[in-house]
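These notes concern the structure reproduced below.
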Amino acid sequence: MTTQTMIAAPADADARFWNRIARKYAAGSIADPTGYETTIARTASLLEGLGHVLETGCGTGTTALRLAGNAGHITATDISPAMIDIARERLADSGTGNVSFQVAPSGAEPLAAGGYDAVLAFNVLHLVQNLDDTLAHLQAVLKPGGLLISKTPCLADMNPLIRWVMIPVMQMIGKAPHVLSFTCGELAGALRRHGFEIIADERHASKGKDTRPFLAARAVS
Ligand SMILES: C[S@@+](CC[C@H](N)C(=O)[O-])C[C@H]1O[C@@H](n2cnc3c(N)ncnc32)[C@H](O)[C@@H]1O
């Protein structure tokens, strides 16, 4: 697979970028609310009856709090302490009792006794430093048969101007984070290589070309 690092940046630089924009990110609105609701409903149906769920790259906690009623407990993590601060504020306001937030980069999340029943990775797998290392870790923290559910932008399937012009320019002025560029096919291939069987490959966007596949994959080895 040809994952490509556009500008290599260490994890602490990633955390600083997301810390800087956390309040603005929290105040922003969801770009495609209809598509988001489809993803929430589909994820809720896949989680039904499951015990311990990990969400990696949880941002300000919106999705973990939305799905709290569909799992026994959700441990939600993010590389950015500022994102986690906001998530904890929202948690306190919500009165939800079965969600906890922790600072952790993808690939170094806390372990759960016996493993997680499911891992959620929304809009984050293209942001990690090394996709293979991250998938290997997520496979290892899941129970055998556990589910990895992802919706991730596949930059290599987008308009080349975004990948080759817009993102590099924005990175140069500090307005875009480190990203990996892979196709949807390459992402699916990486999951299979790391012992996942893909059980759902869907598109949830309500408009436009959708290069963010919703993938549900079972840990089979
Ligand atoms: C685009 S936001 C998505 C947030 C949330 N998952 C959502 O879908 O709304 C990306 C999030 O991933 C986090 N992030 C970036 N790189 C990460 C990494 N290597 N490990 C864990 N989290 C990371 C950022 O701090 C940010 O909160």
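For this structure, a couple of remarks:
- Rg to Rh quotient for the chain, alpha carbon positions, Kirkwood Rh: 0.93
- With both labels modelled 7 Å from their Cα along Cα-to-Cβ, the residue 221 to residue 198 distance reads 1.8 nm.
- Max mean-square fluctuation residue, GNM over the chain, Cα-Cα springs under 10 Å, options 158, 166, 83: 166
- Total charge dipole magnitude, the chain, about the Cα centre, Cβ charges on Lys, Arg, Asp, Glu only, Debye to nearest 20: 420
- A Förster radius of 25 Å, combined with the Cβ-Cβ distance separating residue 159 from residue 132, puts the computed FRET efficiency at roughly 0.40.
- Here the Gaussian network model covers the chain, with springs between Cα atoms less than 10 Å apart; of 156, 190, 200, 200 fluctuates the most.
- Residue order, fewest to most surrounding Cβ atoms within 10 angstrom, among 199, 86: 199, 86
- Our estimate of slack between residue 176 and residue 94, defined as 0.36 nm per intervening residue step minus the Cα-Cα distance, is 26.4 nm.
- Between residue 76 and 55, 100, 101, 102, the built amide H atoms are under 5 Å apart, and every one of these is 5 or more places off in sequence or on another chain.
- Within a straight-line Cα-Cα reach of under 18 Å, residue 175 can be paired with the following aspartates and glutamates, leaving aside sequence neighbours fewer than 8 residues apart in one chain: 12, 14.
- Projecting the Cα positions of 67, 86, 110 onto the charge dipole of the chain (unit charges on Cβ atoms of Lys, Arg, Asp and Glu, taken about the Cα centre) puts 86 furthest along the positive direction.
- Part-to-part distance (alpha-carbon centres) for the stretch 12-45 and the stretch 71-137, which is given in Å: 13
- Cross-link partners of residue 143 among aspartates and glutamates, defined as those whose alpha carbon lies under 12 angstrom from its own and excluding same-chain residues fewer than eight positions apart: 117.
- Helical content of the chain, expressed as a calculated mean residue ellipticity at 222 nm, amounts to -10500 deg cm²/dmol (DSSP H runs of 4 or more residues, -39,500 (n - 2.57) each, divided by residue number, nearest 500).
Values quoted throughout were computed directly from the atomic coordinates according to the rules given, and no laboratory measurement underlies them. This is a predicted model, so every value here is computed, not measured. Cβ sites come from the backbone with ideal geometry, for glycine too, and all protein chains shown count toward neighbours.
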